Amino acid sequence: MTAHLSPAVVQDRLRDIQSITDVALSRLSADELLAALLERTRDILQADTAAVLLLDFSAGQLVATAAAGLEEEVRQGVRIPVGRGFAGRIAAEHRPVIFDHVDHTTVLNPILWEKGIRALMGVPLIADGKVIGVLHVGSLAARKFTTDDVELLQMAADRAATAVQSLLIREDRIAAAALQRSLLPSALPTSGGAEMAGRYAPGEGAVGGDWYDVFNLPSGELCTVIGDVTGSGLPAAVIMGRMRSALRAYALETRDPAEVLARLDRKMQHFEPGAVATVLYAVFDPCLERVHLCSAGHYPPVIARPARPAELADVAPGLLIGAAPGARRPVTTIDIAPGTLLCFYTDGLIERRGRSVDEGLTVLCQAVIAQSPDVACAEVMAALVGSDPAPDDIALLMFRRSLPGTG
Amino acid sequence: MFEEYLLQRLGPHAVITMPAEIDLTNADQVCQALLAAVSPGVAVLVIDMSRTTFCDSAGVHAVISAYRHAATTGTQLRLVATTVLRIFTIIGADEVIPLYPTLDEALADAAPAPAASGDPGDGRR
């Protein structure tokens, strides 16, 4: 049998794992934490290999994420369906599993027996009551893992699981924020006669699926988009990115805004079933005298004509993207006199607990003034957000048709 | 907590009562309650928001999710809303879910065989 470490040394090593998870939360990346965890786990249990597979919830599969002495698993991108094989069983049953005999009849992943592993022991990684992955160790020599061994491994897993999850969530947030930044136009196109400004503000600690976009068509039209994918974090930001690209592609195929949103809706229902989004798409005539608006469940823009109080534009409502096949897509055309400002926004700007949506819209209309779009953005954000954290993310886009002689 | 989503069966129909406020903090619960209420045995599900004073777009999306699920079970949805009526019309949800000012009117419309069509209270087009 394997030489065991003394209880005092084991306690010391477990404290060591605790201390690296504490450090990890401030300094390490998830990869670095996992590497340190595996090194110490292998050491505590005097094992030859150690590996972590993390659960991909949407695929129902465990993905080899970190390994020591078994690096092939990660390099080859091993994926194990939950419920199958050694690791799959641990994840499905939420309990430790020990195999004293490893071959193709007991283990799904050929790397394990080809490597010469004779015995395996694994435990679930559990954070917030949910299985987030599996931690397993292996022995190249014949070995019977004991209940003491299992307890030790579970203790190591428990100390690491919460830190691993926090780091993964943080990395997802950073990725979502980077994606969000890369998809918002860095500089809005300046076309003769139009001035524009935009703002994006993440909600309380989390980026979401809000976006705005501005582009020109080859035929000279100026197009603006504002939209909101339901949900938050990386999944919403990824769907937002796909919608943004698809809408741009359809915009090149047809100038009819209703047809663009109909195609986008059909694409989303086929390729992203379950996703729901609102979109307001506007196509301005090349001379900017008129705008054609099509709304898929999105709040209408606020329109401020020079020297007149701002009001909600009377845009015919259409159904949200992803709700039902073949929804009607009415188009509303509005004349825009020089100096007129249009304010496009997402729900995060006006929705606050304890204030009705109507009240929020009233406050917004009072804050919108036909003036420079940059100043208008700043004033609207100051009036509606101020210094309070907004629960949901906010996208804001202002368009003004320049006054003669200023464009 | 679950009395907030009181579900009553009335023959082939059902009425689910929505909480006073629906926003990001409870929209998931509302969505789960609505999805559970939509079942193949329910011909018409009335979503009663008559005591709901606040509903934001997260709440609307919960109702839309229920609508999509209802399309697979053959259940028809009706929505009763007063204070929060505007958000459902402003974002076009009334195109697929008929809206009523009172529970009685929604039930009166739900009572006949669901095949009845051409009804002016029925917002389907």
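Looking across the stretch B:37-68, the residues that are of a type outside the set (Ser, Thr, Tyr), closer than 19 Å to residue B:80 by Cβ and surrounded by fewer than 18 Cβ atoms within 10 Å (Cβ to Cβ) come down to B:43, B:51.
For the stretch B:11-21, the set of residues classified as more than 13 Å from chain A (Cβ to nearest Cβ) and either of a type in the set (Val, Ile, Thr) or touching a Ser or Thr at 6+ places or on another chain (Cβ under 6 Å) (or both) consists of B:15, B:16, B:17, B:18, listed by residue number. Scanning the stretch A:205-224 for residues that are closer than 23 Å to residue A:175 by Cβ and among the hydrophobic types (A, V, I, L, M, F, W, C), we see that the one that is modelled with the lowest pLDDT is A:206. Taking the stretch B:1-99 as the region of interest, the helices (runs of 4 or more DSSP H) fully inside it that hold 1 or more residues being farther than 23 Å from residue A:355 by Cβ and small (Gly, Ala, Ser) are B:27-37, B:57-73. A residue that is charged (D, E, K, R), in contact with a strand residue (DSSP E or B) (Cβ under 6 Å, 6 or more places away or on another chain) and either surrounded by 22 or more Cβ atoms within 10 Å (Cβ to Cβ) or part of a strand (DSSP E or B) (or both) cannot be found anywhere in the stretch A:311-320.
In a residue-by-residue description of the stretch B:102-124, the property of being within 11 Å of chain A (Cβ to nearest Cβ), modelled with pLDDT of 80 or more and assigned to a loop (DSSP other than H, G, I, E, B) applies to no position.
Name every residue in the stretch B:51-78 that is touching a residue at least 12 places away in the same chain (Cβ under 8 Å) and farther than 24 Å from residue A:348 by Cα, in order of residue number. Within the stretch B:51-78, B:69, B:70, B:73, B:74, B:75, B:76, B:77, B:78 qualify. The set of residues from the stretch A:321-345 being within 13 Å of chain B (Cβ to nearest Cβ) and either part of a strand (DSSP E or B) or in contact with a Phe, Trp or Tyr (Cβ under 8 Å, 6 or more places away or on another chain) (or both) comprises A:321, A:323, A:324, A:332, A:345. Can you find a residue that is buried (at least 22 other Cβ atoms within 10 Å of the Cβ) and over 31 Å from the mean Cα position of the chain (by Cα) anywhere in the stretch A:274-282? So far as the stretch A:274-282 goes, no, none of its residues is buried (at least 22 other Cβ atoms within 10 Å of the Cβ) and over 31 Å from the mean Cα position of the chain (by Cα).
Return yes when residue A:224 is hydroxyl-bearing (Ser, Thr, Tyr), touching a residue at least 24 places away in the same chain (Cβ under 8 Å) and touching a helix residue (DSSP H, G or I) at 6+ places or on another chain (Cβ under 6 Å) and no when it is not. For residue A:224, the condition - hydroxyl-bearing (Ser, Thr, Tyr), touching a residue at least 24 places away in the same chain (Cβ under 8 Å) and touching a helix residue (DSSP H, G or I) at 6+ places or on another chain (Cβ under 6 Å) - is not met.
If you go through the stretch B:22-66 and pick out every residue that is out of contact with any helix residue (DSSP H, G or I) (no Cβ under 9 Å at 6 or more places or on another chain) and within 14 Å of another protein chain (Cβ to nearest Cβ), you end up with 1. Within the stretch A:330-358, restricting attention to residues that are at pLDDT below 95 and touching a Pro at 6+ places or on another chain (Cβ under 9 Å), the residue that is farthest from residue A:401 (Cα to Cα) is A:353. Within the stretch A:353-383, the set of residues being within 14 Å of chain B (Cβ to nearest Cβ), touching a residue at least 12 places away in the same chain (Cβ under 8 Å) and in a helix (DSSP H, G or I) comprises A:360, A:361, A:364, A:365. For the stretch A:90-112, filtering for residues that are touching a strand residue (DSSP E or B) at 6+ places or on another chain (Cβ under 8 Å) and over 14 Å from residue A:60 (Cβ atoms) leaves 15. The residues listed here are A:133, A:138; of these, the one that is in a strand (DSSP E or B) and under 27 Å from the mean Cα position of the chain (by Cα) is A:133. Considering (1) within 14 Å of chain B (Cβ to nearest Cβ); (2) at negative phi, the lone condition that residue A:254 does not fulfil carries the number (1).
The values are calculated or read from the model by the stated rules, or taken from the named source; none is laboratory data. Keep in mind that what you see is a predicted model, and the values were worked out from it rather than measured. Reconstructed Cβ throughout: ideal geometry from the backbone, glycine too, with neighbour counts over all protein chains shown.
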